[in-house]
Each structure stands twice: as structure tokens, then as C-alpha cells.
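Read the structure below first, then the notes.
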Amino acid sequence: MNDFLYDNILGSDFELMPCRFDSSGGIETVDMGSQMSNSFVKIIGTDEQIIVNKEYSSTLSISFQVCKRNCREGFKEITPDEYSKINRWLNRKESHPLKLQKDGYENLYFLGTFNVQALKLNDKIYGLNLTFFSNYPYGFLDEITAHYTGNYFTLYDHSDEEGELFPFVVIQCLEDGDLQITNDMDNELFLLKNCKQHEILYIDNKNHLITSSDESHNQNLYNDYNFNYIKICNRYNNRTNNYSSSLNIDISFQYSPIRKVGV
């Protein structure tokens, strides 16, 4: 691994580079506070686990060491002020995406949080032990946007995991009427009545939220909706989702396929 990107910030922005310390050389690992034990609560109907008090054994974790180095000066001490800034970046309660600059991982990311430990020699910090705790037991491909127009469209799920994904969906209705969408993988019906031509629907299927660009419809949206959200299905012998729509529509799916990879 050459570098890592967490919440769109590179380790090299702090002059950090992955390395491996030999503990026999007098290096000691020191907790500097802010260590989190990971406890998760699973979101019903999904594989995501929300970090609550932090503590769970089945999700993916990644551990590696880094040191501070630049081309001109070589290895350098990490000052308390620098450690504070690095800890502020990495050691947060909210989960953020992690990307590893490593062969074969260019289009992959993991979602989670870091614990940070200082590696000290003669009471000075020369490196860090980083442990990343993922919200999930796997990683993801970078987000895909799939766009279709018409009444029938087919989406192939590239995920490694069987089950269901809940994409973010944007639909523009190209005619008036009651919008019905079915997927032959589950034969469930998405229904939204009283749609207007050119109306745009924003459907956050994961968080069960739906809004419309038509303010008059937006006020009565949940009276017209059957509360059945649009899913991407995956079966071991079938990953092809064939959707049918009662109205002519423009529709886009935004989702990240699951990748069962370790590090």
C-alpha cells in the first residue's frame, strides 16, 4: 500500500506513509485516549450496522502502521500538534469512506471509523498504529449511476453478496398517471398515484424517504404512496433485475455494488 484516502483526505497530505515498525527496537505502543470499543446495531432489512457504543466482532477491520517521512528529510518526529490534527481527522464518531492506494483496490472503498495509537521512542512519537473498523463485513465498488428511459429496463447487479440493495433513485415522469414499477426478481409493486408529466421524484430507498419536485404533490405524497420501496435484488444464480413501469419515465439508480474482499 502506497497511501490511503479517508474522507477525501490523503495520508500523504500529513506526510504519512505506510510502514512497519520492529517492536524490538524500543518502540512502544501508547494509547493517547479517544480509543473506541465498537458496538453496532443492525438496520432492519439491510446489511449495514450503525455504530452505537462501538463493539462488534463480525464486521471487517483493517490495521496498518504509518510514519512521517518526506523526500528531503527522511523520517521525522510527529509533534503533539501534528498528532492532534491527525487524530481529529481519523478518530471521529461518524463513519467515512476509506480508500487504499494498493494494486487491485483502485475502485474499492470501505465505510467506517479509525482508532489511533501512538508509537513512541524515547517519549517521542515516530509512528501510528491505525485500526479501521468498518460498518460492514465487506467493501464496496465506487458508486454506479445507471440511467434508463422508457417502460422496461434491465439492471445487472455486480455485487458479490446475495440479497437486496436499496439504491437512491431519481425518476422523471414523462406522462401523467399512477406510477407502478415492478421487478421480476421479487414481484413487489412500487405505487405512487397522481404523478404529473415532467414531475421529478427523489427516492432514498435506504432511508425510506421520497420527495417530489411538484410542491402540490409533495404535500400529499404519502397519501398517494404504498410505502413499497424500489430494490436491486441479487440471487446466487440470477443477478438480472427486469423492471416494468406503467408510465414512460426517465430513471436513474445510484448504488455501490458489494465487494467481498479482505486486505
Residues of the range 200-230 satisfying the condition of being under 17 Å from Phe253 (Cα atoms), assigned to a loop (DSSP other than H, G, I, E, B) and not basic (Lys, Arg)
Asn205, Asn207, His208, Asn228, Tyr229, Ile230
Mind checking which pairs have a first residue in the range 144-171 that is of a type in the set (D, E, K, R) and a second that is exposed (fewer than 14 other Cβ atoms within 10 Å of the Cβ) and in a strand (DSSP E or B), Cβ under 9 Å, 6 or more apart or different chains?
Asp157/Thr240; Glu162/Arg235
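Quick one: how many residues across the range 126-166 are under 30 Å from Ile86 (Cα atoms) and assigned to a strand (DSSP E or B)? If you could, list the steps in order and put the result at the bottom.
Initially, the range 126-166 is screened for residues under 30 Å from Ile86 (Cα atoms), giving 126-143.
Cutting the leftovers down to assigned to a strand (DSSP E or B) gives us 126-134, 139-141.
Qualifying residue count, the range 126-166: 12.
Considering every residue within the range 168-191, establish whether at least one is acidic (Asp, Glu) and closer than 27 Å to Asn107 by Cα. Give the steps one after another, and end with the answer.
First pass over the range 168-191, keeping only residues acidic (Asp, Glu): 175-176, 178, 184, 186, 188.
When the remaining residues are screened for being closer than 27 Å to Asn107 by Cα, the result is none.
Checking the range 168-191: not a single residue is acidic (Asp, Glu) and closer than 27 Å to Asn107 by Cα.
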For residues that are aromatic (Phe, Trp, Tyr) and open to solvent by less than 60 Å² (accessible area, probe 1.4 Å), scanning just the range 123-144, find the one that is nearest to Lys260 (Cα to Cα).
Tyr138
Looking at the range 183-199, which of the residues that are of a type in the set (D, E, K, R) and assigned to a loop (DSSP other than H, G, I, E, B) is nearest to Asn242 (Cα to Cα)?
Asp184
Report whether or not Ile210 is under 30 Å from Asp47 (Cβ atoms), surrounded by 14 or more Cβ atoms within 10 Å (Cβ to Cβ) and within 18 Å of the chain's Cα centre (by Cα).
no
Since Asn205 meets every condition but one in (1) open to solvent by less than 10 Å² (accessible area, probe 1.4 Å); (2) in contact with a His (Cβ under 8 Å, 6 or more places away or on another chain), which condition does it not meet?
(2)
Over the range 150-165, the set of residues surrounded by 14 or more Cβ atoms within 10 Å (Cβ to Cβ) and of a type in the set (Phe, Trp, Tyr) is Phe153
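Being of a type in the set (S, T, N, Q) and closer than 21 Å to Thr149 by Cβ is the filter here; which residues of the range 194-234 pass it? Let's see the steps before the verdict.
Within the range 194-234, the first condition is being of a type in the set (S, T, N, Q), and the residues that meet it are 194, 197, 205, 207, 211-213, 216, 218-220, 223, 226, 228, 234.
The answer is Gln197, Asn205, Ser212, Ser213.
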Give me the residue from the range 63-90 that is at pLDDT below 90 and among the basic types (Lys, Arg) and, out of that set, least open to solvent (accessible area, probe 1.4 Å).
Lys68
On the given criteria, is Asp103 more than 30 Å from Asp184 (Cα to Cα) and modelled with pLDDT under 90?
no
Which pairs do you get when a residue that is farther than 15 Å from His96 by Cβ, found in the range 1-15, comes within reach of a residue that is crowded, with 16+ Cβ neighbours inside 10 Å and hydrophobic (A, V, I, L, M, F, W, C), reach meaning Cβ atoms under 7 angstrom, with the pair 6+ apart or on two chains?
Met1/Phe64; Met1/Leu100; Phe14/Ile86
Check on Phe110, within 20 Å of Ile43 (Cβ to Cβ), in a strand (DSSP E or B) and either open to solvent by less than 10 Å² (accessible area, probe 1.4 Å) or free of Cβ contacts under 8 Å to residues at least 40 places away in the same chain (or both)
yes
Return the only residue of Lys120, Lys93, Lys102 being open to solvent by 60 Å² or more (accessible area, probe 1.4 Å), in contact (Cβ under 8 Å) with a residue 60 or more places away in the chain, closer than 30 Å to Asp81 by Cα and of a type in the set (D, E, K, R).
Lys102
Quick one: His147 ticks every box in (1) at pLDDT 95 or above; (2) open to solvent by less than 10 Å² (accessible area, probe 1.4 Å) bar one, so which box is it?
(2)
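Residues checked against (1) crowded, with 17+ Cβ neighbours inside 10 Å; (2) of a type in the set (A, V, I, L, M, F, W, C):
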position: Leu191; (1), (2): no, yes
position: Lys231; (1), (2): yes, no
position: Asn241; (1), (2): yes, no
position: Phe253; (1), (2): yes, yes
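The values are calculated or read from the model by the stated rules, or taken from the named source; none is laboratory data. Nothing here was measured: the structure is a model prediction, and the numbers come from that model. We place every Cβ from the backbone using ideal geometry, glycine too, and count neighbours over all the protein chains shown. Each accessible area value is taken on the protein alone, full model and side chains, heavy atoms only, with ligands, DNA and RNA left out. Shrake-Rupley method; radii C 1.70, N 1.55, O 1.52, S 1.80 Å.
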